[in-house]
Amino acid sequence: MFGKILVAIDGSKTSEKARDMALEMGKTWGAEVHVIYVIETGLFSSIPMDNTWEVIYGMLKAEGEKALGESKKKAAEMEVTAQTYLREGHAGNEILKVAQEAAADLVVVGSHGKTQIDRLLLGSVSSYVVKYSTITTMVVRG
């Protein structure tokens, strides 16, 4: 049904559920699964560019690399072809850019991310992706 699936992860339980669903669909349909983790740099635009920013960025990058590594490992265990992307910027924009670059025909996102604020906003990233995506988008509830 779908040949290329893009799933966005952020280290939350909901995004892990979305990733696992995307991998299951990839296995079922023989689809490639593309996994993206975005370091949301817009959240830190007011922090001075000093050692504090470098420490925060380094932590976020390490978290993203770990989450992508775990996704790659899980895909290999399931015998699913997977490509990973570590990007920075506005998460919604980056997800949609990679969807276009990868020629994805399905985008999978979690309904909310790691923070309580995300829960109140129904996941600002997921709502952005649903609103602006030109391809089929699936929102996985947490």
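Each reported figure results from applying straightforward, stated rules to the coordinates on display, with no laboratory input. In this text the structure is predicted, and so the values were computed from the model without any measurement. Neighbour counts run over all protein chains shown; Cβ positions are idealised from the backbone, glycine included.
A few remarks follow.
- On full extension, the segment bounded by ALA62 and MET1 gains 18.5 nm, given 0.36 nm per residue less the C-alpha separation.
- Relative contact order (%) - the chain, alpha-carbon pairs under 8 angstrom, separation at least six: 33 percent
- Placing unit charges on the Cβ atoms of the charged side chains and taking the dipole of the chain about its Cα centre, the candidate lying farthest along the positive direction among TYR37, LEU60, VAL107 is VAL107.
- Interchain or long-range residues, amide H under 5 Å from GLY3's placed H: ASP105
- Projecting the Cα atoms of GLY142, HIS90, SER15 onto the charge dipole of the chain, computed from C-beta unit charges around the Cα centre, puts GLY142 farthest toward the positive end.
- (1) 17.9, 57; (2) 13.9, 44; (3) 14.6, 48, with the label sought being that of the calculated Rg and Dmax of the Cα atoms in Å: (3)
- Phi to ³J(HN,Hα) by Karplus 6.51 cos²θ - 1.76 cosθ + 1.60 over the stretch 4-11, Hz, x for Gly, Pro: 9, 10, 9, 10, 9, 10, 9, x
- Distance (nanometres) between label positions extended 7 Å along Cα→Cβ at TYR132 and LYS72: 2.8 nm
- Here the chain is assigned +1 on the Cβ of each Lys and Arg and -1 on the Cβ of each Asp and Glu. Its dipole about the Cα centre then comes out at about 360 debye.
- Residue-wise HN-Hα couplings along the stretch 73-87, as the Karplus relation 6.51 cos²θ - 1.76 cosθ + 1.60 with θ = phi - 60° gives them from phi, are 5, 4, 4, 4, 4, 8, 6, 10, 6, 9, 10, 10, 9, 10, 10 Hz; Gly and Pro carry x.
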